[in-house]
Amino acid sequence: MIEQLKQTMDQLEQSALKAIEQSNDLKQLDEVRIQYTGRQGELTNIAKVMKDLSNEERPQLGQMMNGFKKVFEAAYEEKNNFLQEEALNAQLEAEVIDVTLPGRKQTLGTRHIITQTMEQIEDLFLGMGYQVVEGPEVELDLYNFEKMNLPKTHPARDMQDTFYIDDELLLRTHTSPVQARTMEQHDFSQGPLKMISPGKVFRRDDDDATHSHQFHQIEGLVVDKNITLADLKGTLLVFAQELFGKDRKIRLRPSYFPFTEPSVEVDVSCFKCGGEGCHVCKHSGWIEILGAGIVHPNVLEMSGIDSSVYSGFAFGLGPDRVAMLKYNIDDIRHFYQNDIRFLSQFKGGSIK
């Protein structure tokens, strides 16, 4: 029996060494290892006869198996090192790097067109003595509606379809709450209140070409003694001429907003046709750009300001709409889809 096993082991060793030598890559070599020394390999099958041998024969088979392992592992290691070196050389040859080539230029991004538009508007009003004030995007109903002269039963609340978190907490529908918070804290002994409040606002508008559930807004507020509609018109004329060109004119049309009285819609003469009429202004010569008005006495009183002494004006505009008009962009969703082909058209820090 032991002689037959010795002959089998000799044949197995010759077969294994030949298989190792004929392996052309690391994968084939590993398959040879599994075939001969794996859990279900040839050597394991021979070991199964150990239980049928006598006590004298078992050590002899063990010695033959150990001898086979040493020869196999030595040949396997040598072949493995050779194939690894060969694979590395092939990889290095295929992945040659020419260190003399010029480096690839790093592409630099630019500020988003909405950001550029907002920065220009902020710079304009900072130059006119305004302060830029920001506030929370998750707001109380008290500040978003009630202190803006919109009590819970007011029908004008339907004008702003709102994301409510609970009965008293919501995503702000405009940046007016920042004005209410600032009026509560302002000390008029330090001078008039002149502020703008830029930021994101949220409404449940249909996601079509001209509406989005999220957009930007910049609202302005001035409160002092003897503020009139003439002050508002002069301020907005400077704004329109700075943004759309020195030849621009503005007109005020009566409108309605709960937090201003009187309220006006503000149009600017078309910057494409100069007021003669074109597709941008729908052949009217005018483009609506914002809403404004004299601050309602109720709004002042709810913020602790004596409306018999102080008055003010307020206005609100959408930088998204300003950018759309300025660049004749037909779909507001382009601003938020992160298409580099679209955004790369507006490089720089100014929309002039």
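The overall shape of the range 171-308, judged from the alpha-carbon gyration tensor, is oblate: a/c is not under 1.5, and a/b is no greater than b/c. Mind putting a number on the dipole of the chain about its Cα centre? Charges go on the C-beta only, +1 for Lys and Arg and -1 for Asp and Glu, and I need it in Debye to the nearest 20. Value, rounded to 20: 1000 debye. Accessible area per residue was computed with a 1.4 Å probe on protein heavy atoms; THR228 scores about 70 Å². Computed over the chain, the per-residue total of -39500 (n - 2.57) for DSSP H runs of n ≥ 4 gives a 222 nm mean residue ellipticity of -12500 deg cm²/dmol, rounded to 500. Its Cα centre serving as origin, the range 1-95 has a Cβ charge dipole (Lys and Arg +1, Asp and Glu -1) of approximately 560 debye. Taking label positions 7 Å along the Cα-Cβ direction at both GLU288 and GLU119, the computed distance is 3.1 nm, reported to one decimal. Here r is the Cβ-Cβ distance between ARG204 and VAL132 and R0 is 25 Å; the resulting FRET efficiency, rounded to 0.05, is 0.35. Ranked by the mean number of other Cβ atoms within 10 Å of their residues, highest first, the peptides 2-8, 111-117 fall in the order 111-117, 2-8. Exceeding 31 Å between C-alpha atoms, which entries from my cross-link table qualify? They are LYS27/LYS70; LYS152/LYS249; LYS233/LYS282; LYS152/LYS194. Long pairs (Cα-Cα over 31 Å): LYS152/LYS249.
The Cys residues in the chain all have a partner Cys Cβ at less than 4.7 Å from their Cβ. Across the accessible surface of the range 226-272, with the other protein chains kept in place and a 1.4 Å probe, carbon and sulfur atoms take up 52 percent.
Selection among VAL49, ILE121, PHE163 by position relative to the dipole of the chain gives ILE121 as farthest towards the positive end (Cβ unit charges, Cα centre). Which of these, PHE72, PHE315, PHE257, has the largest mean-square fluctuation under a Gaussian network model of the chain (Cα springs below 10 Å)? Top of the fluctuation ranking is PHE72. Full extension of the chain between ASN89 and SER15 gives 23.7 nm of extra length, using 0.36 nm per residue less the Cα-Cα distance. In this Cβ point-charge picture (+1 for Lys and Arg, -1 for Asp and Glu), the range 17-148 has a dipole of about 860 debye about its Cα centre.
Whenever you get a sec, compute what percent of the accessible area on the range 1-69 sits on carbon and sulfur atoms (1.4 Å probe). Carbon and sulfur together cover 45 percent of it. 3J(HN,Hα) couplings calculated from phi for the range 179-196 with the Karplus curve 6.51 cos²θ - 1.76 cosθ + 1.60 (θ = phi - 60°) are, in sequence order, 5, 4, 4, 6, 4, 4, 9, 6, 9, 6, 5, 8, x, x, 8, 9, 8, 10 Hz; Gly and Pro show x.
When the charge dipole of the chain is built from unit charges on Cβ atoms (+1 for Lys and Arg, -1 for Asp and Glu) and taken about the Cα centre, the candidate among GLY293, GLN214, GLN337 whose Cα reaches farthest toward its positive end is GLY293.
When the chain is treated as a Gaussian network with alpha carbon springs shorter than 10 Å, the biggest mean-square fluctuation among ASP167, ASP224, ASP267 belongs to ASP167.
Keeping all protein chains in place, calculate the accessible area per residue for the chain (probe 1.4 angstrom), answer in Å².
57 Å²
The length gained by stretching the chain between ARG341 and ARG104 to full extension, at 0.36 nm per residue less their Cα-Cα distance, is 83.3 nm.
The values are calculated or read from the model by the stated rules, or taken from the named source; none is laboratory data. These figures come from a predicted structure and were not determined experimentally. With ideal geometry, Cβ positions are generated from the backbone for all residues, glycine too; neighbour counts draw on all protein chains shown. SASA here: full protein model, heavy atoms, side chains in, ligands and nucleic acids out. Shrake-Rupley method; radii C 1.70, N 1.55, O 1.52, S 1.80 Å.
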